[in-house]
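Taking it in order: structure first as structure tokens, then the write-up.
The values are calculated or read from the model by the stated rules, or taken from the named source; none is laboratory data. What you see is a predicted model; the values in this text were computed from it and never measured. Here the Cβ positions follow ideal geometry from the backbone for every residue, glycine too, while neighbour counts run over all protein chains shown. Calculation scope for accessible area: heavy atoms of the full protein, side chains included, ligands and nucleic acids excluded. Shrake-Rupley method; radii C 1.70, N 1.55, O 1.52, S 1.80 Å.
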Amino acid sequence: MEEEDDLKGSEPVAGLPELPPEGERILWQGAPNWWALASDALMVRWVAAYFLLLAVWRGWAGWADGGVAQGSGALMALLGAGFVTCGLLCLSAWIMARATVYTITNRRVAMRIGAALTVTLNLPYRWIGSADLQTKPNGTGTIALSLIGETRFSYLVIWPHARPWRIANSQPALRCIPDAEKVARILGEHARSAVTRGAGDAPLAAPETIAAE
């Protein structure tokens, strides 16, 4: 993908705008699962169900009013519209996932996000007050980061890489990642370790225990 090649060419390390400083180690890197992102963030299953119910209702009404031909035409038109809409949502999720790199180091969480306009969020552990894990039966999950202090990000800027429906006090999130419980353990262990030893000149705030829902 040309856009992805351009990003790789401009990044000394994939997902990071510059080389990590001395002593910083990358512990994990990953990206959203595109289908989980389409289902969870873009709600493609709900959209598909909506078009299916609408198609059945309009088809039944058409059959009752104008016969089989009219009912079948309405049914197929709405099913086609639903197929195209869901296809576009899935394509959008795939592009978002391809453009995203989440990075956990021994000092921070970095999020390279954005398909059209790429930005990188650097979240030192001293900015993170707590982390909450929500998992799905297939093993994917979302780790939402609650920030302390005055640092805030616009929900619209970071969406869909944000905890759903936390708009006024948005929380950046590692969204729909595979093996989410394993990643949460890595984040929790090294965040607590960073608090214990200290990092930089400012003390770190210890994240709360990561909770699975």
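Would you check if there is a residue in segment 147-155 being over 22 Å from ILE95 (Cβ atoms), at pLDDT below 95 and among the hydrophobic types (A, V, I, L, M, F, W, C)? Checked against the condition, which is being over 22 Å from ILE95 (Cβ atoms), at pLDDT below 95 and among the hydrophobic types (A, V, I, L, M, F, W, C), segment 147-155 yields at least one hit. Here the condition is being over 20 Å from TRP28 (Cα atoms), open to solvent by less than 10 Å² (accessible area, probe 1.4 Å) and among the aliphatic types (A, V, I, L, M); of ILE158, ILE148, ILE167, it holds for ILE158 alone.
Number of residues in segment 136-145 that are in contact (Cβ under 8 Å) with a residue 40 or more places away in the chain and part of a strand (DSSP E or B): the value is 3. The set of residues in segment 39-86 that are β-branched (Val, Ile, Thr) and open to solvent by less than 40 Å² (accessible area, probe 1.4 Å) comprises VAL44, VAL47.
If the condition is being among the hydroxyl-bearing types (Ser, Thr, Tyr) and closer than 12 Å to LEU187 by Cα, then segment 103-119 contributes THR103, THR105. Restricted to strands (runs of 3 or more DSSP E) entirely inside segment 81-135, those with at least 1 residues that are within 24 Å of THR151 (Cβ to Cβ), among the small types (Gly, Ala, Ser) and under 14 Å from the mean Cα position of the chain (by Cα) are 108-113. Among the candidates LEU79, LEU52, the residue that is in contact with a Gly (Cβ under 7 Å, 6 or more places away or on another chain) and not aromatic (Phe, Trp, Tyr) is uniquely LEU52. Across segment 5-38, the number of residues qualifying as at pLDDT below 95, out of contact with any strand residue (DSSP E or B) (no Cβ under 7 Å at 6 or more places or on another chain) and open to solvent by less than 40 Å² (accessible area, probe 1.4 Å) comes to 3.
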